[in-house]
1. Each residue of the stretch 189-202 in turn: what ³J(HN,Hα) in whole Hz from Karplus with 6.51, -1.76, 1.60 and θ = phi - 60°, glycine and Pro shown as x?
2. Sort H316, H48, H336, H281 so that the residue with the fewest other Cβ atoms within 10 Å of its own Cβ comes first and the one with the most comes last.
3. Give me D for the stretch 448-598 in µm² s⁻¹, whole number, from Stokes-Einstein with Rh from the Kirkwood sum over alpha-carbon pairs, 10 °C and 1.306 mPa s.
4. Grab the beta carbon distance between R12 and R86, set R0 = 51 Å, and tell me the FRET efficiency rounded to 0.05.
5. Cα atoms only, the stretch 224-310: Rg and Dmax in Å?
6. Taking Cα atoms of the stretch 2-224, Rg/Rh with Kirkwood Rh, to two decimals?
7. Could you check the spin-label model distance between D194 and A549? Points 7 Å from the Cα along Cα→Cβ, value in nm.
8. If you take every DSSP beta bridge whose two residues both sit in the chain, what share of them, in percent to the nearest 5, is antiparallel?
Amino acid sequence: MCGIAGYFNIQRQPETDLRLLERMIWPLRHRGPDGFGFFQDPRAGLAHARLSIIDLEGGWQPIHNEDRTLWIIFNGEIFNYPELRRELIGRGHRFATSSDTEVIIHLYEEKGENCLEELNGQFAIAIYDQGRQSLFLARDRMGIRPLFYTTHQNRLLFASEIKAIFAADPSVERAIDPLVLQEIFTFWSSAGGDTVFRGIRQLEPGCWLKLERDGTMQQQRYWEIPFQEREFARAPERELAAELRDLLIDAVRLRLRADVPVGAYLSGGLDSSAITSLIRHYTDNDLKTFSVTFSDTVYDEQREQQEMAGFLDTDHNEIRCTYATIGRAFPEVVRHTETPILRTAPTPLFLLSSLVRETGYKVVLTGEGADEILGGYDLFKEAKVRAFIAGQPDSACRPFLLKRLYPYLALSPSRSAEYARRFFNTDAPLDDPFYGHRPRWKTTAGTHVFFRDEILAAAGTPPVERLREQWAPRLAGLDYFSRAQFLESRLLLGNYLLSSQGDRMAMAHSVEGRFPFLDHRVVEFACSIPPRLRMKALNEKNILKKAVADILPPAIVRRRKQPYMAPDIPSFFGDESPQYVRYHLSERRLEETGLFKPAAVRRLLAKCEKRARQGFRENMAFVGILSTQILCDAFVENFQDDTPDTLPGKRVVINKEN
């Protein structure tokens, strides 16, 4: 794992600019604290900050092919690299290192962009072809590793994080995009390749981009989550469960490949417990586990975590989160997410990765992704109940099923059957492409009342309708359950969970997260399971439970799902209320940023100060407004280049003038 950054000149420049690369890579030092590597010629520059995990001595980047015409920097891991390496050697390729990075460059030499189809991994790749004078960028199938880019003054700038692009040149625009801001305050994330910063884009999951010497840019999707209208697998449940288990065993085995120790997150839920148990039962890996506990019992899962740690006899480590620790860490979390967030949930994971690093570990396996691909969320259960009610809309009994939804929420919308029926809009047409998500998006979009009128007007068409124009063709023909899974995987998982809660929180402390459930073979298999078996009746992740039932305690398998959450408003209004809250939400600062209505925010603050439990909208609005204000302060108004005159640590510099 590491951080990458670089540039590509649309026209050759007479002089190379090493200082530009140093400015770009320095803000990414948390991603790669072990040293820096650089390549330059008059056309392109590549920079790399290294976190040493594979080939600790020889894997320094940039890496080249045999004749030094192709140069690569790479953020991530290729888990099947030993097998690919053997095949490439058999075809005559010569290797100078034992790293997985070098496998990519030789594979690209043979197959060009088609090499991506052979990679089992999580990656952001930049390859400069010095002979053709072209740049190739690519991102892994599910979007585990980030990659951002922009064009500025006849030059393409790219990096693992946006802060590196801003550091490249103070004249790069740093402004909030009101359209994307509304998307985030609706979907919890941007809906596509745009970011909250105007003009800065992300390369979307499963896509590659190629830029030629004449400025011609081509972008293409090479893989998509394969929910589609088709004949589903007809095998019995036990056979489906057995195949899923075999795939997960291999996915875990591959993700334990490293030249450093590998640990595991253990939340106490089914997904992380399954991954940890597979490590224990099917590998000889030493098992160190890490968990977050909460002082607020509403969010705490310590009992289940300790039950699993004892069951598997792991070396277990915990970090305890209080309201105060979450409140103190929140501004730093926002600086790492580089986007507004509507919940504090990333913050405990930021603190957890610090614990991992303090114990001397760099790599952890997690259970992320199982809910999206295997049918685990209550949102899917909600859609199934709504569809069941729609089958007999006059039934007096069926609406009572709504009361089974969200029992863990103090202010649950299902507290009464009639209120739930109105809230969940049980009369909505089943062929609506956003059938499963409408109730959630309606609730989140309630936060738009805090936007200034000019921000709302700037976006024009509402976010959901823009999304319909973009994605309705892709969703056409899918059943409502698969549509909901696809949307959740592309929006929440790809642009929020794997980013703000995943990559950014782990890499803030130089820790690499690995995700067995997101092995593309596992994802493709999960999409082939009939929807009625992904969630059987209202039993979520039905096939996964059958696959791991014999290696987990029965109580963990039977346990009702408790989504990972953290306290929101209470983290900022207690005995140790952080001072920055009043600064960022002051009328003066709200006027300066020009995004939110000061009077509306003032009323929200008054409600929060009462320290009574608030509803969904209030919690999302408060955290979203605060994080946006922090973001504006850190990146739009007060971003500074703090690159030292000489970068510390090991440096590898390659200058090519031809």
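1. Rounded to whole hertz, the list is 7, 5, 8, x, x, 6, 10, 5, 9, 4, x, 9, 10, 9.
2. Listing H316, H48, H336, H281 from fewest to most nearby Cβ atoms yields H281, H316, H336, H48.
3. 79 µm²/s
4. It comes out at approximately 0.85.
5. Here Rg and the maximum Cα pair distance are 16.5, 48 Å.
6. Rg/Rh: 0.95.
7. 4.8 nm
8. Expressed as a percentage, antiparallel bridges in the chain total about 75.
We did not get these values from a lab; they are worked out from the coordinates using the rules stated. These figures come from a predicted structure and were not determined experimentally. Cβ atoms come from the backbone with ideal geometry, glycine included; neighbour counts cover every protein chain shown.
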